[in-house]
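Presented below is the structure to which this report refers.
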Amino acid sequence: MHEMRSDVLFNRWPSVMIDNLNQHRILPWNVLFSPSYHHLLLHTNLSLSHTDFCELIIQCFKRVRYTVVCRNKENLINDRCGSIINLLIAKNIDTESFQSLIKNRLLELIRTVDLTCLHSEFTDWRFDFLTNATIIGSCRSIDDALKILILRFYCNCFLMLLSQMETSSLIDSYLCLMSVKNENIYENLKSIWYDSLKLTFEKHEETMKIIDTIEIPIIFDLHLPRARFEHENIDRISEKCKQYNDLPHDKLLYFAMEKLRNTCVYGKNIERILENSELFEHYFYDRLVLVLDELQIDHLSVLFVQSLLTSNPNLTIEDKLKHFLIYYDELIELLNLFDIGFRLIEEAK
């Protein structure tokens, strides 16, 4: 029996149905008897060549469903997907460093993700190998089946990474960074971006789940990373300020600004942002994008609201921020009124 070949085991089966069964590429016992995906990956030693990485990216994006709050932006989703895919797979100097960062982080995640957790769905590669519908339906060889199994695992790792990066607006902010021409502003934004990248990568999902499709809510055109987390931080400061409404205006604004400096998600970088008017424009722009998205206002452009709030050239940075820190409720009422006005004008046309 130890010399039995596939032509005996699969008598009268067409040879095209199962490939390479007689090539004697047998998995070692320690891999075969271990349910661990990590053991399997160490044995196969699959490194991601540029071609493999590109194939992985394209396959992964077939599983992604982006969602937006404002319906008039749904038509922008496909273009954005194309831009991200190009950023990840195009071979040019501008994208090389970003691709290297993502690829290295992906390989690190593949090596270190916790699969021992009770909630992990990648508990036994052998069970998945024998029961996965794609493998059963399409693979004609052990090698093909292992490749599909490992690609599936890699895809899940990448989708976890992609979701994390989108939540932290690392992709949009990188696209913004690439468009900056001023060298000083570029270096400052780059420093903020890398600091945020490090913070984001320090935290990752504790469990590994099987992801057939993933829904990722997005907000277009954010200029800084972790902008949504900063929006939540400012919301908390605004709520805190309501408890001190009896303070004189200048003291309340001072209190709010100190809170911002101490709790900002950009850490010490907030000082650079507040001291540099061009950096602050990016920070303030994100505040406007996020409040319009939160209110589901799609009739007002960010540039219109920006001119509405900052048309006075004598306004200080503190004056501009007080709309979010102290007078946020009033700002919401104002924006809703303008939105209603624009709708009425459009209906009257």
Residues that are at pLDDT 90 or above and surrounded by 15 or more Cβ atoms within 10 Å (Cβ to Cβ): which helices (runs of 4 or more DSSP H) entirely in the stretch 1-107 hold 1 or more of them?
-> 50-61, 77-89
Being over 15 Å from the mean Cα position of the chain (by Cα), touching a residue at least 60 places away in the same chain (Cβ under 8 Å) and on the phi < 0 side of the Ramachandran plot narrows ILE216, ILE171, ILE192 down to just ILE192
Matching residues in the stretch 293-309 - criterion: being more than 27 Å from the chain's Cα centre (by Cα), farther than 16 Å from GLY341 by Cα and surrounded by fewer than 16 Cβ atoms within 10 Å (Cβ to Cβ) | SER307
Test set (1) in contact with a Phe, Trp or Tyr (Cβ under 9 Å, 6 or more places away or on another chain); (2) of a type outside the set (Phe, Trp, Tyr); (3) modelled with pLDDT of 80 or more; (4) farther than 21 Å from LEU32 by Cβ - ILE150 fails condition number | (4)
Quick check: is even one residue across the stretch 116-125 assigned by TED's automatic domain parsing to the domain that holds LEU146 and modelled with pLDDT of 80 or more?
-> no
Inside the stretch 188-201, can you point out the residues that are among the charged types (D, E, K, R) and surrounded by 11 or more Cβ atoms within 10 Å (Cβ to Cβ)?
-> LYS190, ASP195
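The values are calculated or read from the model by the stated rules, or taken from the named source; none is laboratory data. What you are looking at is a predicted structure, and each value in this text was computed from that prediction instead of being measured. Glycine gets a Cβ as well: all are built from the backbone with ideal geometry, and neighbour counts include every protein chain shown.
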